[in-house]
Amino acid sequence: MLGICRGRRKFLAASLTILFVPAITWIYLFAGSFEDGKPVSLSPLESQPHSPRYTASSQRERESLEVRMREVEEENRVLRKQLSLAQSRGPAHHRGNHSKTYSMEEGTGDSESLRAGIVAGNSSECGQQPAVEKCETIHVAIVCAGYNASRDVVTLVKSVLFHRRNPLHFHLIADAIAKQILATLFQTWMVPAVRIDFYDADELKSEVSWIPNKHYSGIYGLMKLVLTKTLPSNLERVIVLDTDITFATDIAELWAVFHKFKGQQVLGLVENQSDWYLGNLWKNHRPWPALGRGYNTGVILLLLDKLRKMKWEQMWRLTAERELMSMLSTSLADQDIFNAVIKQNPFLVYQLPCFWNVQLSDHTRSEQCYRDVSDLKVIHWNSPKKLRVKNKHVEFFRNLYLTFLEYDGNLLRRELFGCPSEADVNSENLQKQLSELDEDDLCYEFRRERFTVHRTHLYFLHYEYEPASDNTDVTLVAQLSMDRLQMLEAICKHWEGPISLALYLSDAEAQQFLRYAQGSEVLMSRHNVGYHIVYKEGQFYPVNLLRNVAMKHISTPYMFLSDIDFLPMYGLYEYLRKSVIQLDLANTKKALIVPAFETLRYRLSFPKSKAELLSMLDMGTLFTFRYHVWTKGHAPTNFAKWRTATTPYRVEWEADFEPYVVVRKDCPEYDRRFVGFGWNKVAHIMELDAQEYEFTVLPNAYMIHMPHAPSFDITKFRSNKQYRICLKTLKEEFQQDMSRHYGFAALKYLTAENNS
């Protein structure tokens, strides 16, 4: 009933205002137009400046009244608009926690002022909330640790960015893993009007490590307690979010609720929607003390300045110490301690309407928080089951979550009009480089790709690596797209060492890959494979960028530069580690060549030895790689010599040579100007030669290329004349750059190209 009464009071107040304000205004104007009991005309045509009745003061008064009349009419117009919006929506109201009723109309209308006004659940005010300033920065704090939480943060941030209209400042309390992942992601995402600051979560462990915690979030689940110490001292307020949150509205609406806080209210929280703190879930269930049903800390509004003045740090520590004497540990991490503090100090909390934290765990009262899709504000997947939780509307919620999970993050790089972004050196340099390109150049798209910044998510899956004690470890490096996923299991079976892979995927494909990997026993049993997602953008496959990403994030002193279509021989990993020592790769500039072969058969009995491979070569089951179409690429390997070789032998560089090599991790990167098909490996081998690397063929190593359908890029190369022209132009420019960089020694590359 309270919600209905409020709705009626609003409707009545607005109606009376519209009816009586104009009337009172005109009575006032009419009365003011009489002087000495006689009417005085306000018409400029009837005003006589030379009349004795006309004075300067009366003129100013008349003008003032006209201005006021226009102001009142404008206010009238706004009130009529708001009234019509209220009528069109009807008296939307909901029963929330403790059977309270909350108005659902604020934040769902078209009016900016209505969007900013939030009706709080523990307030009887009907007043309009102050609007959030157009370019006011909204501060958001998130605790994030590990690989899985880093993925969850991305989905949360997407949902916030999708709805936001204000600049955002994210304060990420992250461990070393999450910081590496998210720092790279946001740096390459380049979203305007978004600032990121990191705070070392590992340094905060000592602040909360004394609290035993049974919750699956572990020690990081307690770190929201120390935000007053962790965040900058000049930061007055912040919205704190769990990583399993999805926004369905503009976060500015939640930020506006800070204006509702009164007196000593410093915490904005939604009531817990389960019976946990009522202590009746099972026999002998004994939860931490809480006020009624308690409060959920998945969404918190913190008034940091007031909390510091109240000595929050001392307050929660004393409470935790006292309760732990009997409770022994927390079950719900920071939430238990927050509730124990609120139980003693209920004046601290401002209860938010429950639609600001619709909690989707089993057996909750979340359905009482919404009646329609437009009622939803924040969805909280706070069950360990996550998307498998039991809820009547779980399919709807799951689809909403999946929408942001698979949403193209590149589309969120939109500017906030009217809100100037902070100067970003990387962005300015990029714009400068792009402006120097000639858009009329027929090869413009090729040149532009070199400067494209691709959003990159490192270590998409859990990664563990234990360094080898002898410092000889080798990482297999490769890149792939969605159509080569089937090669991953086979490579993992052939190569037991660490692997670094760069995958070129869309947001939706990244989720398909995740499901594929999680469903594979082979891939899930391997923790030494680093999967780095480079998100799709542009029309070309950025093959050398992908290789560089995979190369940059290896943890071993050496790397085997391979391609995803090749299966290494069984035992190659251990053989290469021995060769690294034998050939003193640590102290010499060598590139160890692994001879490449191919089969045209989709089903192949993989040779288990060199002798078996030579037999298959003689029978025509195997061929030297690209023997039929591009002999020059691997001819310098000298396969005739390799057949009988028992020791490593040196070969010289020749034009178009592109072997697969093992090198130190400090070798030069691939040249990004080469995209799609053609010259991407050739240019890299040429640069190794220019830097005086010695090419050494390994006599007992081999790899076999497996057949597959032609890639889209090779099809474009073969069918598009302009593609081939641009590739030739890029080759010539690369060779000129080599000559400028390496001087006289690089002239041989021009000569070799002309003679080839």
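When a/c reaches 1.5 or more, the comparison of a/b and b/c decides; with that in mind, is region 456-754 rounded, prolate or oblate per its Cα gyration tensor?
Rounded, because the longest to shortest axis ratio a/c is under 1.5.
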What pairs from K229/K260; K224/K306; K590/K681 go past 19 Å between their alpha carbons?
K229/K260
Just add up the charged neighbours of S500: K/R +1, D/E -1, any other residue whose Cβ is under 11 Å from the Cβ of S500.
+3
Near N471, within a Cβ-to-Cβ distance under 12 Å, what is the net charge of the other residues, with Lys and Arg +1 and Asp and Glu -1?
+1
Find out how many positive minus negative residues lie around G279, taking Lys and Arg as positive, Asp and Glu as negative, among other residues whose Cβ is under 14 Å from that of G279.
+2
For region 545-565 versus region 134-208, the gap between their alpha-carbon centres in whole angstrom:
28
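Rg over Rh of region 599-728, using C-alpha atoms and the Kirkwood radius, what does it come to? Intermediate values should be presented prior to the final figure.
Details: Rg = 16.4 Å, Rh = 16.7 Å.
Across region 599-728, the Cα-based Rg/Rh ratio is 0.98.
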How big is region 278-355 in terms of Cα radius of gyration and Dmax, in angstroms?
13.1, 42
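If you average 1/r over all unlike Cα pairs in region 201-407 and invert the result, what Kirkwood radius do you get in angstrom?
On the way: mean 1/r = 0.0564 Å⁻¹.
By the Kirkwood definition, the hydrodynamic radius is 17.7 Å.
How much space per residue, in cubic angstrom, does the convex hull of the C-alpha atoms of region 226-314 take up?
On the way: hull volume 12.2 nm³, N = 89.
Hull volume normalised by residue count: 137 Å³.
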Taking H as built 1.01 Å from N, whose amide H comes closer than 5 Å to the amide H of Y295, not counting residues under 5 places away?
N272
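Need one number: % antiparallel among DSSP beta bridges in region 456-754, to the nearest 5. Display every interim value, and only then the final one.
Values: 16 of 40 bridges.
Among the beta bridges of region 456-754, antiparallel pairing accounts for roughly 40 percent.
Which value, in nm² and rounded to one decimal, describes the direction-averaged projected area of the C-alpha convex hull of region 159-315? Please list the in-between numbers first.
Values: hull surface 43.9 nm².
Result: a mean projected hull area of 11.0 nm².
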Just the accessible area for C135, please: 1.4 Å probe, Å², rounded to the nearest 10?
50
Rounded to the nearest Å, the spacing of the alpha-carbon centers of region 664-724 and region 570-616 is 18
Region 143-185 - Rg and Dmax from Cα coordinates, angstrom
10.7, 31
Separation of alpha-carbon centers, region 281-357 and region 227-273, rounded to whole Å:
15
Kindly write out, for region 719-734 in residue order, the coupling ³J(HN,Hα) from the Karplus curve 6.51 cos²θ - 1.76 cosθ + 1.60 (θ = phi - 60°), rounded to whole Hz, with x marking Gly and Pro.
9, 10, 5, 5, 4, 5, 5, 5, 4, 5, 4, 5, 4, 5, 5, 5
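The values are calculated or read from the model by the stated rules, or taken from the named source; none is laboratory data. Treat the numbers as computed from the prediction; the structure is a model and nothing was measured. Cβ coordinates were reconstructed from backbone atoms using ideal geometry, including for glycine residues, and neighbour counts include every protein chain displayed. The protein model used for the area step is the full one, side chains on, heavy atoms only, and it has no ligands, DNA or RNA in it. Shrake-Rupley method; radii C 1.70, N 1.55, O 1.52, S 1.80 Å.
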